[in-house]
Each structure stands twice: as structure tokens, then as C-alpha cells.
């Protein structure tokens, strides 16, 4: 749909990437097209955050028994309005490092980021042969990769 006066996509199709229209929201009737689009994006973001919280709650209980001795696992939301994550923290007697498992969002699988606070470096785990963040089918697979990455940062050659 195009707004003929400005020759730009109207708010009915903008931001959806295809020809489908967003459901009608009567609360948006008094808003400008930009206001309606902003409200729809905010609602979609709230749905994604709620879905990440559900993924986190469902997955964390099945991962607790896989955590090495003295390591911690917790659910977290690092910034208000950001997706929820599962945080893995080894004992920090040598290196202050943690990993967080990012939940699937419908477009990606589970992903892992490592944050080494001692070196002030934050990076995702990458897949073999490319500059693409690795994706894992299950939270267990992501956890195994996170534990291995943390052990490398710790310089630990413990059991893998």
C-alpha cells in the first residue's frame, strides 16, 4: 500500500516485510501513522521479551544438573526491555568471565555470548568456517559450547 501524496509505504504495510497487514487495533485510531507503527513495534517487542522469559524458565531447570561443581546458573535480563538469557558463571578466582545463552527468537536457534570482564571483551561463539554466530538446536547443546568456551578463557583443562 502506498501513500500517494508522499509516495512512501503507508503504516499498514511498513515494517512487516511482506504484503500482510497488521491486525486492527482500535486504540491506535487516534494516532498518526508513525504513532501506530511505533505502537505495533513496541507490542511486538514486548511479545518477544515475554517469549524469551518463557524459553528461559522452561530450559533452566533441565540444565542445572549439567553445570560443573561450584559454577552457577541463573536466569537474567541484563537490560530492562531486553530479551531474557541464561547466565553461566564459573568461580571467579582467576578470571572474571561469564557466558549467557540467548534464547531462540523464531529466526535463530540458541546462541552463546561470552563476556570476559577481566579483559573487557564480549563475543559470540561462531560457527565453523565463517563470520556467522553459531546457533544450537537445544539449550543443552548451547550450554556444552558455553562451558567449553568458558574453560578456554579460564585456562582450565578440566573434563569436557
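The values are calculated or read from the model by the stated rules, or taken from the named source; none is laboratory data. Predicted, not measured: the structure shown is a model, and the values here were computed from it. Because the Cβ atoms are built from the backbone with ideal geometry, glycine has one as well, and the counts that use them run over all protein chains shown.
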For this session: Might you check whether a residue that is modelled with pLDDT under 90 and surrounded by 15 or more Cβ atoms within 10 Å (Cβ to Cβ) occurs anywhere in the stretch 64-71?
Result: no
Residue 83 fails exactly one of (1) farther than 23 Å from residue 48 by Cα; (2) in contact with a helix residue (DSSP H, G or I) (Cβ under 6 Å, 6 or more places away or on another chain), namely (1)
* To do: Might you let me know whether the stretch 138-146 holds any residue that is part of a loop (DSSP other than H, G, I, E, B) and surrounded by fewer than 12 Cβ atoms within 10 Å (Cβ to Cβ)?
  => no
Answer yes if at least one residue in the stretch 136-155 is without any contact (Cβ under 8 Å) to a residue 40 or more places away in the chain, within 13 Å of the chain's Cα centre (by Cα) and at negative phi, and no otherwise. yes
Checked pairs for the stretch 51-78, first free of Cβ contacts under 8 Å to residues at least 12 places away in the same chain, second in a helix (DSSP H, G or I), C-beta under 9 Å and 6 or more apart or across chains, list as 58/139
Do we find that residue 104 is at pLDDT below 90 and in contact with a strand residue (DSSP E or B) (Cβ under 8 Å, 6 or more places away or on another chain) in this structure? yes
